[in-house]
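All remarks here apply to the structure that follows.
The values are calculated or read from the model by the stated rules, or taken from the named source; none is laboratory data. All figures in this text were calculated on a predicted structure; none of them were measured in a lab. Don't worry about glycine lacking a Cβ; one is built from the backbone with ideal geometry, like all the others, and counts go over all protein chains shown.
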Amino acid sequence: MAAPNDPLRFCANAAHSAWNRLVPVDRPEAFCRACRLNRTTPNLDAPENLLLWQRLEAAKRRLVYGLLRLD
């Protein structure tokens, strides 16, 4: 977890408008903690796959946020 004044960057999935979590700049991972849970992603070149995946990621974002709040 980053300290409040540490530099941050967006998770790599932000490029697909699927996620808006931040990752500390000094971390080697391209993806945030939640996106590292993904084992498989669909072919995002297909527009219908991208839309469905964005919906799935939105649901996962709500789930992960709720779980993190519970610690």
Being in contact (Cβ under 8 Å) with a residue 24 or more places away in the chain and not small (Gly, Ala, Ser) is the filter; apply it to the stretch 10-19 and report the residue that is nearest to GLU48 (Cα to Cα). HIS16
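With respect to ARG9, is the statement that it is among the basic types (Lys, Arg) and at pLDDT 90 or above true? Give the derivation first.
Numbers: among the basic types (Lys, Arg): yes; at pLDDT 90 or above: yes.
Taking the combined requirement at face value, the residue satisfies it.
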Residue selected from the stretch 26-49 under the condition modelled with pLDDT of 90 or more and part of a helix (DSSP H, G or I), by the criterion farthest from PHE10 (Cα to Cα): GLU48
Within the stretch 55-71, how many residues are surrounded by 14 or more Cβ atoms within 10 Å (Cβ to Cβ) and either among the charged types (D, E, K, R) or touching a helix residue (DSSP H, G or I) at 6+ places or on another chain (Cβ under 7 Å) (or both)? 3
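What are the residues in the stretch 19-63 that are of a type in the set (A, V, I, L, M) and in contact with a Leu (Cβ under 8 Å, 6 or more places away or on another chain), if any? Show your work before the answer.
In the first step, residues of the stretch 19-63 are kept if they are of a type in the set (A, V, I, L, M); the result is 22-23, 25, 30, 34, 37, 44, 46, 50-52, 56, 58-59, 63.
If the condition is that a residue be of a type in the set (A, V, I, L, M) and in contact with a Leu (Cβ under 8 Å, 6 or more places away or on another chain), then LEU22, VAL23, VAL25, LEU44, LEU50 are the ones that fit.
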Please give the number of the condition VAL23 fails out of (1) without any contact (Cβ under 8 Å) to a residue 40 or more places away in the chain; (2) part of a loop (DSSP other than H, G, I, E, B). (2)
